[in-house]
1. Could you tell me the center-to-center distance, by alpha carbons, between the stretch 101-159 and the stretch 53-69 in angstrom?
2. Between Arg123 and Ile63, what length comes free when the chain is fully extended (0.36 nm per residue of separation minus the Cα-Cα distance, one decimal in nm)?
3. Considering only Cα-Cα distances, which of the following residue pairs are longer than 29 Å: Lys60/Lys110; Lys110/Lys149; Lys93/Lys157?
4. Can you return the aspartates and glutamates within cross-link range of Lys117? Criterion is Cα-Cα under 16 Å, with same-chain partners fewer than 8 residues away left out.
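Every read-out reported here was derived from the displayed coordinates using simple, explicitly stated rules and does not represent laboratory data. Being a predicted model, the structure only gives us computed values, none of them experimental.
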Amino acid sequence: MGDNGHLRLAQNATHCAGSCLSRRQTRRLLGAFADASPGRSSRGRIRALNMAIAFRAPPKGCIHHTDRGPQYCSHDYQTLLRQHGFKVSMSGKGNCYDNAAVETFFKTIKAELIWRKSWETRRQAEVAIFEYINGFYNPRRRHSALGWKSPVAFERKVA
């Protein structure tokens, strides 16, 4: 599953877009990025997808679900999905509920990290987000939907 959110930085009031890919069954974040480029570029989303592909090497036929944002409909993004054999799934028009797990992640990272701190630079924000995901969210943060286990612990249990 994939989605993106926004973060305002002190440095020139820059907006930093973030994107993530999550494994629905375990809620583990597989790829994430922060990008200060303006607009709805697919560049960062492609970077997050490449991270997820490198990390998990998903089998052909794996379902990739996102909303209908232009960055996920872009030619480059769709080409990368086809090259790796993904089955593309997108939310129904105006339906935000089938992407709720990733939307919940953005709410969580905002409440637990982003609204509590401020960063001067994009690089500082990237490091903090990386540390949150890889040092806390995936290995230690417990989820009620996973029987109060972390995503990493839940994956180990079901593997």
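1. A separation of 20 Å, based on Cα centres.
2. Numbers: separation 60, 0.36 × 60 = 21.60 nm, distance 3.17 nm.
Fully extending the segment from Arg123 to Ile63 adds 18.4 nm.
3. Lys60/Lys110; Lys93/Lys157
4. Counting by Cα, and skipping residues close in sequence, Lys117 has these aspartates and glutamates nearby: Glu126, Glu131.
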